[in-house]
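Have a look at the structure below, then the notes.
The values are calculated or read from the model by the stated rules, or taken from the named source; none is laboratory data. It should be emphasised that the depicted structure is a prediction, and the values quoted were computed from it without experimental measurement. Neighbour counts run over all protein chains shown; Cβ positions are idealised from the backbone, glycine included. For accessibility, only protein heavy atoms count, side chains too; no ligands or nucleic acids. Shrake-Rupley method; radii C 1.70, N 1.55, O 1.52, S 1.80 Å.
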Amino acid sequence: MPRSMTSFSRTDFELYGGIGSWEIRSVNHRYLEVSIRLPDEFRSLEAKVRERIASKANRGKIDCTLRFRQE
């Protein structure tokens, strides 16, 4: 029977006068499948986030969500 590997991580932060959080969820998957959700003002980070994930993982379904709110 195949083993299921799942993971969840969340980190909260303050930056540039706002507060945000990153959530990353992963489940076992035969290939690397990355889904990234970013606020419009952070869209330019998408390629770098994908590169960073690909440098650390070679398989799995990985969902990344960035939330950010100006204070």
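Couple of notes before you dig in:
- Rounded percent of accessible protein surface that carbon and sulfur make up, the chain, 1.4 Å probe: 50 percent
- Axis of helix 46-56 versus longest Cα principal axis of the chain: the two differ by about 40°, to the nearest ten degrees.
- Per residue value of the accessible surface for the chain (all protein chains in place, 1.4 Å probe), Å²: 81 Å²
- Here the chain is described by how far its Cα atoms reach on the three principal axes: 49, 20, 16 Å, from widest to narrowest.
- DSSP beta bridges fully contained in the chain are about 75 percent antiparallel.
- Estimated FRET transfer efficiency when R0 is 30 angstrom, pair Thr6-Arg52 (beta carbons, to 0.05): 0.90
- 16 Å reach of a label modelled at Phe13, 7 Å along Cα-to-Cβ, counting backbone N of segment 47-70: 47-53, 64-70
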